[in-house]
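Taking it in order: structure first as structure tokens, then the write-up.
The values are calculated or read from the model by the stated rules, or taken from the named source; none is laboratory data. Computed from a predicted model, the values in this text were never measured in an experiment. Every residue, glycine as well, gets a Cβ built from its backbone with ideal geometry; the counts of neighbours run over all protein chains shown. To get the accessible areas, we keep the full protein, side chains included, count just its heavy atoms, and leave off ligands, DNA and RNA. Shrake-Rupley method; radii C 1.70, N 1.55, O 1.52, S 1.80 Å.
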Amino acid sequence: MNKIALEGVVVQRAECRPAVSESYMKLKRIQIEESSKPVRLSQQLEKAVTNNYKPVANHAYNLEYERKKKEEGKRARADKQQVLDMLFSAFEKHQYYNIKDLVDITKQPVIYLKEILRDIGIYNVKGTHKNTWELKPEYRHYQGEEKTDD
């Protein structure tokens, strides 16, 4: 069925009435039927849907994570000097680190690591290096030069 379209600019207002004919009535009937059709239809199934997923007690990725965690074991506190050496060597590579990366590098408990970092580092709260640690200015020339009092 071809649709009729009008193009142009409205210059005067006009009221139009369709010529009541058989074709117009047929068009309106089709429009009404289309609009009254439900958007969703219910359907009766012959047999039950059987492709349901069965529950799994523990997923493979959880098991893998647990296994990895067990291998690492609990993070034991190392000697403070050892941790300082690891931190200084890390800060020689990059100026800024977030706590997560430092925990991965040193394999130390977060609380213990933060205690040490408070002594030697500055925590950036805002700016481009937000939520990262950097060494205090007096430690920035790294281990080779120990701090001397003048």
**Complete:** Listed by first then second residue, the pairs whose first member lies in the range 21-40 and is within 17 Å of ASN2 (Cβ to Cβ), whose partner is open to solvent by less than 90 Å² (accessible area, probe 1.4 Å), with beta carbons under 7 Å and at least 6 positions apart or on separate chains, are TYR24/PRO18
**Prompt:** So which pairs qualify, if the first residue must be in the range 109-133 and farther than 14 Å from TYR97 by Cβ, the second must be open to solvent by 30 Å² or more (accessible area, probe 1.4 Å), the Cβ gap must be under 7 Å, and the two must be at least 6 apart or on different chains?
**Reply:** PRO109/ARG75; PRO109/ARG77; TYR112/ARG77
**Prompt:** For the range 118-141, which residues satisfy the criterion of being of a type in the set (D, E, K, R) and open to solvent by less than 30 Å² (accessible area, probe 1.4 Å)?
**Reply:** GLU134
**Message:** Just to verify a result, which residue in the range 16-50, among those that are among the small types (Gly, Ala, Ser) and not in a helix (DSSP H, G or I), is surrounded by the most Cβ atoms within 10 Å (Cβ to Cβ)?
**Reply:** SER21
**Message:** On the basis of being over 30 Å from TYR139 (Cβ atoms), over 28 Å from the mean Cα position of the chain (by Cα) and among the basic types (Lys, Arg), does ARG67 make the cut?
**Reply:** no
